[in-house]
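Here is the structure we will look at, set down as structure tokens.
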Amino acid sequence: MKVNTAAKADIWKQFPIVWTSVDGEDVEVKYYCACAKCFKVYQYKDSAGKPFGTKNFSEHVKRCTVPANQLQLQQCVRQKAPFSKCELALVKQRQVEYCIDGYHAFKAVENEGLHKLLQTFVDLGAKHGKFCVSDVMVGRKTVSRTVSSTAESLKSKLRDHLAEPIADGTLSLCLDMYTDDYKKQSYLDVHASWVHRDFTRNHSALAVHHFGTASHTGENISLAVNDILHQYGIPECDTPVTTDRGSNVVAAMKNAVRLDCMCHRLHTVLENAWADTRRDVEDAATYETAISDLCRFIKQSCGLQEQLPKSLKHGGDTRPWVSLFRRAESVECSYEALVNLLSAKNRLELVANVNRAFNRDVMEITSSVKTVFEALEKVDQPTLHVVIPSYYLLMQKLSTTPRDSQAAKAFKQNLRKYMDAKFWPSISALHWMATFLDPTFKQMEFLPTASSEDVRFRRNLMSDLDTWMMQEFQQVESNLTSSGIVPDQPDSIDRFAMF
């Protein structure tokens, strides 16, 4: 609010003009003023600019009182308070005590939820004055009950939110089964990704289901999945699902449009290729034994890991498909430090037995695989269109060169073999269409053209893409019609010309 400097009457000193902020600039709210004491708003001119006079202002001043619960302006607007050094030191000390007394991680003080809770107390204090936090805080049982009711409320909202993408057929699922490392309890989690009609993309977890003691048969998994889908009104047969290649999961999804998780397929490629290389090449087997012994000794010895520039990684990865790279990288980064530490303990042979040249080969080979893993495992971005280019990229990266050692050459050859045996068969028409629809890959320039067979494959592919795309158009039109939406009916040539 700003004082009306154009007015001459003294009463205007008690009724400043109301202003607001628009794009960082102060703009007057036309013909409105407010009492500087109680902030009651008055209109002092009509829309045509004709003044109403100041009689109402004078009458208001006679009876103006600030209600007991009336908030002052400074109570409502956040401002940077001039805290003293002692006050800031006290806050810091309370944060330290929070971490120590409650055995919380240091990162806990940066938690956004904690900041929101503290800000709520600040806002309540500004409104009600000083109070005891214990009078407001609820116990763990109340929080537990509230979590359940909140989950049901969110599930209801999500159910309504999914109605449109379900009707349009723009929703897909991803499910996985896992067992925790401690209680050995089995869980089934189901996630959904969908696209709205404005082409915004969303992702949400639908359920994390405790599987209990039931056997993990395809029938039991199917019943559990269908129960979750029914809660959201999602059809089981028409909704695409991404899963691993476990026989029980494949059997459970036999009636669904199922796609293989390409990260799991790539992990299978890496696992089988490395197993065959260790079996057939003595240098690889010796390397595996030596690096495993080294990592095991370092992890079991007190105080050695913390003296390394990069701690050794061996097993226990939440992302097992990059464990081979992380192990080789950690040994390479800490090699000189390992030599010094193990020399002091008379165990230099542990690091000397690791073939450093081959370790670098493993790190270089698996770094390409790691790059593809990271491109395929994204949650907030579509990845269907990068599957096929990733295959050709890896096949190119895994080509052998004259400088390759026998073990490195065998590892690359085995990787290429299993890329064809395990990864390529999981590529479907949906992957090809998604790649074609991406402007970056539309021309299919990543396809090899070295032989007549390559040229013939490319020509047949473009013909197949025409057929697949028209089938998808017809399916989409059918879905829209069943949803009550009448699509346009251009001819087939025009429909495909947009691509």
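All of the numbers you see were taken from the coordinates with simple rules; none came from a lab. A quick note: this is a predicted structure, and the numbers were derived from the prediction, not measured. Here Cβ is always computed from backbone atoms with ideal geometry, including for glycine, and neighbour counts include all displayed protein chains.
Points worth noting:
- Hydrodynamic radius of segment 204-258 per Kirkwood, over alpha carbon pairs, in Å: 11.7 Å
- Put simply, when 293-300, 398-405, 156-163 are sorted by average Cβ atoms within 10 angstrom per residue, most first, you get 293-300, 156-163, 398-405.
- Alpha-carbon centroid distance for the pair segment 96-115 / segment 380-435, whole angstrom: 45 Å
- Cα centroid of segment 283-303 to Cα centroid of segment 166-227, whole Å: 38 Å
- Prolate/oblate/rounded call for segment 10-70, Cα gyration tensor, a/c under 1.5 rounded: oblate
- Rg ratio (alpha-carbon, reference 2.2 N^0.38 Å) - the chain: 1.42
- Counting 0.36 nm for each residue step from LYS55 to THR383 and taking away their Cα separation leaves a gain of 111.1 nm.
- The antiparallel fraction among DSSP beta bridges confined to the chain stands at about 85%.
- Legend: ranking of residues SER330, SER186 from fewest to most surrounding C-beta atoms inside 10 Å; resulting order SER186, SER330.
- Amide H contacts for ASP176 (H built 1.01 Å from N in the peptide plane; partners 5 or more residues away or on another chain; cut-off under 5 Å): ASP189.
- Between SER149 and GLU28, the C-beta separation translates, for a Förster distance of 41 Å, into a calculated FRET efficiency of about 0.30.
- Above-threshold pairs, the threshold being 23 Å between Cα atoms, out of LYS107/LYS184; LYS8/LYS40; LYS313/LYS422; LYS116/LYS378; LYS313/LYS345; LYS116/LYS183: LYS107/LYS184; LYS313/LYS422; LYS116/LYS378; LYS116/LYS183
- Taking 0.36 nm per residue of separation and subtracting the current Cα-Cα distance, fully stretching the chain between ARG296 and THR400 would add 34.3 nm.
- Over 19 Å [Cα-Cα, segment 340-402], rounded percent: 54 percent
- If the convex hull is drawn through the Cα atoms of segment 270-425, its volume per residue in Å³: 118 Å³
- LYS45/GLN119 FRET efficiency (R0 41 Å; Cβ-Cβ; nearest 0.05): 0.55
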